[in-house]
1. If I model a spin label at Leu183 and Met1 as a point 7 Å from the Cα along the Cα→Cβ vector, what separation in nanometres do I get?
2. Quick check on the chain: helices-only [θ] at 222 nm, where DSSP H runs of length 4 and up contribute -39,500 (n - 2.57) each and the sum goes over total residues. Nearest 500, please.
3. Starting with the fewest neighbours, write out Ile90, Ile132 ranked by other beta-carbon atoms found within 10 Å of each beta-carbon.
4. State the Cα centre-to-centre distance between region 9-37 and region 99-137 in whole Å.
5. Can you work out ³J(HN,Hα) from phi for every residue in region 14-25, in order, using Karplus 6.51 cos²θ - 1.76 cosθ + 1.60 and θ = phi - 60°, giving whole Hz and x for Gly and Pro?
6. Compute the acute angle (0 to 90°) between the alpha-carbon long axis of helix 211-233 and the principal axis of greatest extent of the alpha-carbon atoms of the chain; round to the nearest 10°.
7. Rounded to the nearest 0.05, what FRET efficiency do Leu12 and Ile78 have when you use their Cβ-Cβ distance and R0 = 22 Å?
8. Treating only the Cβ of Lys, Arg, Asp and Glu as charged (+1, +1, -1, -1), what charge dipole size does region 2-209 show about its Cα centre? Round to the nearest 20 debye.
Amino acid sequence: MKIFLDTAEVDLIKEPYCTGLIDGVTTNPSLILKSGRTLVDVVSEIVKEFPNLESVSAEVVGNTAEEMLSEAKQYYDINSMVTIKLPCTIEGLKACKFLSSIGVKTNVTLIFSVAQALLASKAGATYISPFIGRMDDWADKKEGPEKMEEIGSLGIRLIEEICQMLEQHEFKTQVLAASIRSLDHIEESAMVGAHVITTPVSYFWKMYEHELTKSGLERFEMDWKLSQENIKDK
């Protein structure tokens, strides 16, 4: 499974990128607003600083396919690794179909049903992004916390169903699990077949952590020191 970072902060990408385990970066208008920079500047810098990434996303906004395509050109002209993020709307999928036909990578975002995933895949999307956290928030408000505790995560179930649909019909589109809110979301997405997850940087670092790993390392270190003292005493 590929790991993307969900951030527009270039400095936060540097250390994870050096691990060799990061495959891409996703951005969105909210992250760009938080960064205080333009999307063109952010994407250009990421592409330049991290040349081994598979994908760097740039989200377009527009009411028509023509508007989205006009905005998209300034991003995919930067570098072939740039992926254009598009909404799962009639106009968004028209734009997706065209961009896919000319070899530009696309990510259809805000997916909340198998039907939407099917349409995006038929439009040639490189990636589709089901939103786990937002799906669960919606379900929680609709069904109530007690019912959701019994049912489990509808976001994870959606990813599993989409993966099954793609495999059954042999689509090449990759499922990119988004709106990650916990380490459980990452693990469960991997277990049900997601091809990619995009995670806040903080959760990437949490993937390394486990209480038993920490205690085991402490024990190994203590035993190593004792063994060295025993050697000196002989």
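Derivation of every value follows stated rules applied to the coordinates shown; laboratory data play no part. Computed from a prediction, not measured in an experiment: that's the story for all the values here. FYI the Cβ positions are ideal-geometry reconstructions off the backbone, even for glycines, and counts take in every protein chain you see.
1. My value for the distance between the label points is 1.4 nm.
2. Per the formula, -17000 deg cm²/dmol.
3. Ordered by Cβ neighbours within 10 Å, fewest first: Ile90, Ile132.
4. Taking the Cα centre of region 99-137 as reference, the centre of region 9-37 is 21 Å away.
5. 4, 5, x, 4, 5, 6, x, 10, 9, 9, x, 9
6. Here the helix axis deviates by roughly 30 degrees.
7. 0.60
8. Values: 19 positive and 30 negative charges, 116 e Å.
In total the dipole reaches around 560 debye.
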